[in-house]
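Notes for the one structure printed next.
The values are calculated or read from the model by the stated rules, or taken from the named source; none is laboratory data. Being a predicted model, the structure only gives us computed values, none of them experimental. Note that we place each Cβ from the backbone using ideal geometry, even for glycine, and neighbour counts take in every protein chain shown. Side chains are part of the model used for accessible areas, which takes the heavy atoms of the whole protein and leaves out ligands, DNA and RNA. Shrake-Rupley method; radii C 1.70, N 1.55, O 1.52, S 1.80 Å.
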Amino acid sequence: MGEVSDAEILAAFLAADGDYVSGSSIAEDTGVSRAAVWGRLDRLRTEGFSFEAVRNKGYRLETIPEVLHPALLAAHLLRLACPANLHFLAETDSTNSEAERLLAQGEHTPFVVVAGKQTAGRGRRGRAWFSENAGNLTLSLALRPQLPPARMQTFTLWMGLSTCMAVNDLCGVSLKVKWPNDLHWDGKKVAGMLTEARSDSEMLRDLVFGIGLNINSVTDQFPEEVRPLASSLREAAGKVFDLNATAAKIIVALQKACDDFLEDRYRETFREEWPKFDALVGRTVTVSLTDGDISGEYLGIDETGTLRLRLPDGVEQRFAAGDVTLRKQK
Ligand code: BTN
């Protein structure tokens with residue numbers, strides 16, 4: 001027996017919501033012997049859990065790990081009735097690369113890769129993504145969408161908007177979307193997204209959507225060069241989050257956002273909600289392109305996700321890609 005039973009055991013404790021659970025009821029519900037339950041709890045104790053045992057009452061979950069734990073994450077997903085095909089790695093180079101390897105091996109989609117730590121986490125334009133085991137979430141969602149590549153133009157923007165709305169609701173924060181692929185709080189980056197796809201001439205072959213979301217890290221933990229630019233949900237909300245519970249809810253939200261996109265049920269919400277969460281509204285911005293910078297007044301995005309700028313000469317110019325910086329507000 002592997003992680004599944006550990007997840008079922010932990011799901012029984014989560015269902016009890018801090019109350020006692022008898023060893024025999026866990027054994028009955030999960031189909032393992034009482035001795036096996038006892039052994040499991042002992043092993044979980046070595047992994048950051050603590051259980052209080054009281055005669056005639058049973059066990060009570062007292063402490064959970066602060067880091068991502070595969071069985072606890074799976075237990076939360078079970079409780080949320082989310083049938084995620086989850087690949088958990090304590091450490092990997094990049095969850096996007098791991099997802100690509102699994103796709104190449106023919107792994108059934110959709111699936112999710114979550115890592116405790118990435119040794120070569122990557123961002124857009126060849127940048128690195130800070131991925132120490134610092135209480136954050138790094139994950140990739142892999143798909144084989146039966147769609148033409150042009151249909152995916154707004155995919156990452158939609159996933160960003162959906163994540164922003166879900167995180168704001170779940171965590172009581174007020175993140176904004178910064179075109180094209182970032183979530184910001186107070187002008188600092190809390191999440192970045194990287195979608196990588198392979199296609200034949202007319203159809204997408206597969207797609208990997210990767211997201212790094214800073215949940216419990218604090219500014220001091222970030223590398224010096226990104227320190228002034230980065231933040232986390234902990235800093236935005238002023239509290240520490242239950243990492244596994246939060247990660248599970250975000251996985252559910254990401255899967256739903258993805259389904260809505262693939263089923264073409266997203267356009268109205270995308271059009272109506274993007275302006276409400278848009279970090280660039282009313283700002284003068286600079287778009288960095290490979291051949292130079294262009295500044296102008298931000299006019300929003302169009303239906304295809306293209307950024308619209310009014311240049312100083314009054315002419316409107318549109319950008320399908322690029323990096324955006326904001327002029328400091330006085
Ligand atoms: C960016 O802001 O430039 C995008 C950052 C994307 C980081 C995530 S972390 C999970 C996934 N694996 C990676 O190597 N990158 C993405």
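Descriptive notes on the structure:
- Expressed as a fraction of 2.2 N^0.38 Å, the value expected for a compact globular protein of N residues, the C-alpha radius of gyration of the stretch 284-326 is 1.03.
- Mean separation of Cα contacts under 8 Å, 6 or more apart, over the residue count of the chain: relative contact order %: 13
- C-alpha center-to-center spacing [the stretch 256-288, the stretch 1-65] in angstrom: 43
- Distance distribution note for the stretch 70-277: the fraction of Cα pairs above 21 angstrom is 50%.
- Close amide-amide hydrogen proximity is noted between A128 and G123, each under 5 Å apart and 5 or more residues distant or on a separate chain (H modeled in the peptide plane; Pro and chain starts excluded).
- Selection from I250, V113, T95 lying farthest towards where the dipole of the chain points positive, charges on Cβ: I250
- The chain - percent of accessible surface contributed by carbon and sulfur, probe 1.4 Å: 48
- Our compactness index for the stretch 233-323, the C-alpha radius of gyration over the empirical 2.2 N^0.38 Å, is 1.42.
- For the stretch 4-63, average projected area of the Cα convex hull in nm²: 3.5
- Cα centroid separation, the stretch 192-217 to the stretch 68-118: 14 Å.
- In the stretch 112-214, the GluC sites (Glu not before Pro) that fall in loop regions by DSSP, at most 12 other Cβ within 10 Å: E202
- Net length gained if the chain between M203 and I294 were fully extended (0.36 nm per residue, minus Cα distance): 29.4 nm
- Lysine pair count for the stretch 70-277 (Cα-Cα distance under 17 Å; residues 8 or more apart in sequence or on different chains): 6.
- Accessible surface, the chain, averaged per residue in Å² (probe 1.4 Å): 49
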